[in-house]
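Some notes on the structure that comes next.
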Amino acid sequence: MKTAQQPSAAQIAALVAFAASYGRNWKSSVNQAWMTGNYHGFTAYPYLQQVRNQFGPSWLARFKIPKVAPVRCDRCEMVSIQGVACHETGCQNMGARWDAESEDWIKQRTCFECGCSMDDGSLCCEAPGNGLSVETATAPSSWASYLINGDASGLDDGEEAAADAWIDSLGWGAPTGCEDAGFIAYHDAHQFALASDCQVYSFLVDHS
């Protein structure tokens, strides 16, 4: 007997985080975002898109937020919805999975081939020699012109150096595009820049 496909931990976490932000009518807000493509700066939107593509509105109508043991986060003040621990919107650990053994958050990524979620740094369909994946990370919007187009005219020397240091720390090369993510306190470049309006930057990464 074939087992029905189930949402990944990252997809469940995104649904829970969205519910935390939008309250009792959160499912209506998800459906509206699916119809318009406007997630109003919700940074884990790729996982909600995956839920739409893999399961659809009918599945969402039946979905109930699971009850799980509470966990802690060193990046935000987590809240509880029906006993489920939820990150604050914009938390760096949003979309990550909690690993009980290491008691830490494991960042997730999406397989370029099949769209499945997995631990960042692990391989899925990508084989050595021909593996590509699309990775995303959040950073200040003020860096966008420099990172995407190489135009540093809007940055001072310190800001340019911070952007370069962040790119070097990722090891993914220059981003290929970006999308508005709104204000984020704990963005992925928080070691190099303060809380600010941010973009979700996309990178095409070669794992060969």
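Taken together, the values in this text are just the output of simple stated rules run on the coordinates, not laboratory data. Just so it is clear, the model here is predicted, and its values are computed rather than measured. Here Cβ is always computed from backbone atoms with ideal geometry, including for glycine, and neighbour counts include all displayed protein chains.
Please compute the length gained on full extension between D120 and N31, using 0.36 nm multiplied by the number of residues separating them and subtracting their Cα-Cα distance. It would help to have the intermediate numbers written out before the result.
Values: separation 89, 0.36 × 89 = 32.04 nm, distance 2.83 nm.
Extra length from D120 to N31 when fully extended: 29.2 nm.
Give the calculated FRET efficiency between L204 and Q6 to the nearest 0.05, with a Förster radius of 25 Å applied to their Cβ-Cβ distance.
Values: r = 29 Å, r/R0 = 1.16.
FRET efficiency, L204 to Q6: 0.30.
May I ask you to evaluate 6.51 cos²θ - 1.76 cosθ + 1.60, the Karplus curve with θ = phi - 60°, for each residue of region 183-194 and list the ³J(HN,Hα) values in order in whole Hz, giving x for glycine and proline?
Going residue by residue, I get 6, 10, 6, 10, 6, 6, 9, 5, 6, 10, 8, 6 Hz, with x marking Gly and Pro.
Name the long-range amide H neighbours of A181: under 5 Å, sequence gap of 5 or more, or other chain; modelled H, no Pro or chain starts.
Distant-sequence amide H within range of A181: C198, Q199, V200.
In debye to the nearest 20, how big a dipole does region 126-206 give about its Cα centre with +1 on each Lys and Arg Cβ and -1 on each Asp and Glu Cβ? Could you put the intermediate results ahead of the total?
Working: 0 positive and 14 negative charges, 35 e Å.
The calculation lands at about 160 debye.
Averaging sequence separations of C-alpha pairs under 8 Å and six or more residues apart, then dividing by the length of region 126-206, give the relative contact order as a whole percent.
The normalised contact order for region 126-206 reaches 45 percent.
Calculate the translational D of region 126-206 in whole µm² s⁻¹ from Stokes-Einstein, where the hydrodynamic radius comes from the Kirkwood formula applied to all Cα pairs, the temperature is 10 °C and the viscosity 1.306 mPa s. Could the numbers behind the result be given before it?
Working: Rh = 12.9 Å.
Rounded, D is 123 µm²/s.
Rounded to whole Hz and in sequence order, give me ³J(HN,Hα) for region 87-95 from the Karplus expression 6.51 cos²θ - 1.76 cosθ + 1.60, θ = phi - 60°, writing x for Gly and Pro.
Residue by residue, region 87-95 yields 6, 5, 4, x, 5, 4, 8, 4, x Hz.
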